[in-house]
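The values are calculated or read from the model by the stated rules, or taken from the named source; none is laboratory data. Given the structure is predicted, the values throughout are model-derived calculations rather than measurements. Cβ atoms come from the backbone with ideal geometry, glycine included; neighbour counts cover every protein chain shown. The area values use the complete protein model at the heavy-atom level, side chains included, leaving out ligands, DNA and RNA. Shrake-Rupley method; radii C 1.70, N 1.55, O 1.52, S 1.80 Å.
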Amino acid sequence: MMLMNNSISKMNQSAINTYSDIAKYIQAFLSLNINEYKGEKAPHKPLLLLSIIQLMEDGVIVENKIPPVQAVKLKYEFLWDKYILHDTAYTKAVWTPYWHLQNEPFWHFKPIATQESLDILIEESKGQTASIGKIRDVVDYAYFDEELYTILQKENLRHLFKQLLIDTYL
């Protein structure tokens, strides 16, 4: 009986951790650091996140690696045209949110060579967007926190996060 109670306790703790992670990432998605210009919030980060989730659903992104490649750009531009139906001061620049998502707690870069090369690029950029050429020279891929990536493997949770981005920002 003790073994069974211990197993149930571990299962309950696992469920609590999962729900806690989901809540943490919902909050992170709800509080993205978004640029605002003349009262209009920039749609870039939400659109890129939506693009990545869609690419996961499409089977294009099959591991926790988001390289700065054409497939990401094309999905982003498609979704921009779908959701940004009004005149805006913003442009479709996909690599801007790719770069600036590093300011979110769940987005990380894997450098091609060394962490130092990435740190130098970040320092040289001083809050501006690094050029796509420099990004491709230094960044192998971006990746989510492992917990977020695991959450996004579940269809119902992908749908939840997509809808949250659309309802909140688009």
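Once you sort the root eigenvalues of the Cα gyration tensor of segment 16-67 as a ≥ b ≥ c, which label holds: rounded (a/c under 1.5), prolate (a/b larger than b/c) or oblate (the other case)?
In terms of gyration-tensor shape, oblate.
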Counting only protein heavy atoms and using a 1.4 Å probe, what share of the accessible area of the chain belongs to carbon plus sulfur, as a whole percent?
54
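Given a Förster radius of 30 Å and the C-beta distance between Ala93 and Asn156 as r, what FRET efficiency does 1/(1 + (r/R0)^6) yield to the nearest 0.05?
After rounding to 0.05, the efficiency reads 0.40.
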Please list, or write none, the aspartates and glutamates whose alpha carbon is within less than 18 Å of the alpha carbon of Lys154, excluding same-chain residues fewer than 8 places away.
Asp21, Glu57, Asp58, Glu63, Asp145, Glu146
Mind checking which lysines have their C-alpha under 16 Å from Lys110, skipping anything on the same chain fewer than 8 residues away?
Lys65, Lys134
Using alpha-carbon positions, the gyration tensor of segment 41-170 gives root eigenvalues a ≥ b ≥ c; with a/c under 1.5 called rounded, otherwise prolate if a/b exceeds b/c, else oblate, the class is oblate
Proximal lysines relative to Lys38, as straight alpha-carbon distance under 19 Å, when same-chain residues fewer than 8 apart are discounted:
Lys92
Give the range of the longest stretch in the chain that excludes all trypsin sites (Lys or Arg not before Pro) found in loop regions by DSSP and having at most 13 other beta-carbon atoms within 10 Å.
66-125
Rounded to 10°, Cα long-axis angle of helix 2-30 versus longest principal axis of the chain
20
Report the full-extension gain for the segment Lys65 to Ile26: residue separation times 0.36 nm, less the Cα-Cα distance, to one decimal in nm.
12.0 nm
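Heavy atoms only, probe 1.4 angstrom, no DNA, RNA or ligands counted: give me Glu124, Glu57, Glu104 ranked by accessible area, highest first.
Final ranking, largest accessible area leading: Glu124, Glu57, Glu104.
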Taking a probe of 1.4 Å, how large is the accessible area per residue of the chain, in Å²?
58
